[in-house]
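Here's the structure we're looking at; comments come further down.
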Amino acid sequence: MSTIEKISIALTPDLAALVRNAVTDGYYASTSEVIRDALRDWKIKQSLNERSTTELRALWQDGINSGAAGALN
């Protein structure tokens, strides 16, 4: 069984209402599930951002390595 660590977070009233409403509306069984799902989504977003940055840097370097562009007419 995995270890669970309890932490306390502070949310604005609007965010707290969103979390509570997600549970009340039946999308989640608990507020903890809402926060865990949000953190999983954030983790995926961060991973995609890092990948995009790496790909952009590689494309930039490819452009530099290709040499100077010809004259435009």
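Since every read-out is calculated from the coordinates, none of them should be taken as a lab result. In this text, all values refer to a predicted model and were calculated from it rather than measured experimentally. For neighbour counting, all protein chains shown are included, and Cβ atoms are generated from backbone atoms with ideal geometry for every residue, glycine included.
Once you compute Rg and the Kirkwood Rh from C-alpha atoms, what is the Rg to Rh ratio for the chain?
Working: Rg = 22.0 Å, Rh = 16.4 Å.
That ratio equals 1.34.
When only DSSP loop residues count, what GluC sites (Glu not before Pro) in the stretch 1-68 have their Cβ near at most 11 other Cβ atoms within 10 Å?
Details: sites: E5, E33, E50, E55; in loops: E5.
When the GluC sites (Glu not before Pro) of the stretch 1-68 are filtered for loop state and at most 11 Cβ neighbours within 10 Å, E5 remain.
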**Report entry** HN-Hα J in Hz across the stretch 11-20 - Karplus 6.51, -1.76, 1.60, θ = phi - 60°, x for Gly and Pro
**Finding:** 10, 5, x, 5, 5, 4, 5, 4, 5, 4
**Report entry** With Cα atoms, 0 to 90° folded angle of helix 31-65 axis to the chain main axis
**Finding:** 0
